[in-house]
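Visitor: Handing you a structure now.
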Amino acid sequence: MKIVVGHLYPDYLNIYADRGNIAVLERRAAWRGIDFDYRTIGLGEPVRAGEHDLYYVGGGQDREQALIAPDLVSKGEVLREEVAQGAAFLAVCGGYQLLGRFYRNRSGAELPGIGLLPHHTIAGERRMIGDVLLECEVEPGDRRTLAGFENHAGRTYLDEGAAPLGRVLAGFGNNGDDGFEGSRVGGAIGTYLHGPLLPRNPWLADWLIAKALARRLGETPELDELPDDFESSAQLVSAERARARGGRF
Ligand code: GLN
């Protein structure tokens, strides 16, 4: 068994320990005997339909976002089609913003997004910074918590009826207002949470691995359980911090 992972723009969007997310995916796949074929996709490099099972894009500031936005737009159609065909996708922070329709910065200039996720983002006055705790139900009936850290000026607004990644129990989330965090379509997830995200939320790493395998094999596999003692402790510490402090302006 194997999964092929495409990491978009690792040279530009990488400010939130994004390698940590990739390391977790790689380890959790390896522990189960799944080959992890990691590839990078940079500026000007084409995305070939059907080549990857899981895409990843990390966070970056406005400047880096502006540098890659036109290139990402040129890949938009194939990426949307990949997700429609079952590919998994994790997008964090600046990458998350560009998976929506647009990001409008503080001076009013708009960066185009690729409309893979149903939202848009408008930069606000103050940054939303702090620990976050979410309640998620990514699979119906299976409630999970997700703990992380956010740091963004953009306020993201989901389209009416669009699925968030979760509901905010502590922190700001998409915009500090409507109680939603992240966005989700099929196997694609966008979120402001980093820290990095996956080391303390291994259930989400496994969900992504399962989606990626399902795309490759044509059926959803049962993944072996892993002990996860350290991971659970990390999540508890992070969740407690979010409950105690949350995000604050
Ligand atoms: N444009 C972003 C913001 O809202 C960048 C997000 C990020 O990755 N820090 O601040």
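The values are calculated or read from the model by the stated rules, or taken from the named source; none is laboratory data. Worth saying up front: this structure is predicted, and the values here are computed from it rather than measured. Heads up, the Cβs are rebuilt from the backbone with ideal geometry, glycines too, and the neighbour counts pull from every protein chain shown. Areas reflect the complete protein model, heavy atoms only, side chains present, ligands, DNA and RNA absent. Shrake-Rupley method; radii C 1.70, N 1.55, O 1.52, S 1.80 Å.
Visitor: Name every residue in the range 1-30 that is open to solvent by less than 20 Å² (accessible area, probe 1.4 Å), within 16 Å of the ligand (Cβ to nearest atom) and among the hydrophobic types (A, V, I, L, M, F, W, C), in order of residue number.
Guide: Selection gives Leu8, Leu13.
Visitor: Here's another thing I want to ask about it. Under the condition of being in contact with an Asp or Glu (Cβ under 9 Å, 6 or more places away or on another chain) and closer than 22 Å to Asn21 by Cβ, which residue from the range 140-152 is most open to solvent (accessible area, probe 1.4 Å)?
Guide: Going through the qualifying residues, I end up with Arg144.
Visitor: Also: Exactly one of (1) within 13 Å of the ligand (Cβ to nearest atom); (2) surrounded by 16 or more Cβ atoms within 10 Å (Cβ to Cβ) is unmet by Val168. Its number?
Guide: With (1) within 13 Å of the ligand (Cβ to nearest atom); (2) surrounded by 16 or more Cβ atoms within 10 Å (Cβ to Cβ) applied to Val168, the lone miss is (1).
Visitor: Cβ-Cβ under 6 Å, sequence separation 6+ or interchain: first residue in the range 227-238 and touching a residue at least 24 places away in the same chain (Cβ under 8 Å), partner part of a helix (DSSP H, G or I) and surrounded by 13 or more Cβ atoms within 10 Å (Cβ to Cβ). Which pairs?
Guide: Asp228/Pro202; Glu231/Pro202; Ala234/Arg200; Gln235/Arg200; Ser238/Arg200
Visitor: Would you call Glu219 among the acidic types (Asp, Glu) and open to solvent by less than 10 Å² (accessible area, probe 1.4 Å)?
Guide: No, not satisfied.
Visitor: Filter the range 33-88 down to the residues that are surrounded by 23 or more Cβ atoms within 10 Å (Cβ to Cβ) and acidic (Asp, Glu), then identify the one that is nearest to Tyr16 (Cα to Cα).
Guide: So, considering only residues that are surrounded by 23 or more Cβ atoms within 10 Å (Cβ to Cβ) and acidic (Asp, Glu), the one nearest to Tyr16 (Cα to Cα) is Asp53.
Visitor: Being within 16 Å of the ligand (Cβ to nearest atom) and touching a Phe, Trp or Tyr at 6+ places or on another chain (Cβ under 6 Å) is the filter; apply it to the range 143-153 and report the residue that is farthest from Pro118 (Cα to Cα).
Guide: Across the range 143-153, the extreme among qualifying residues is Glu150.
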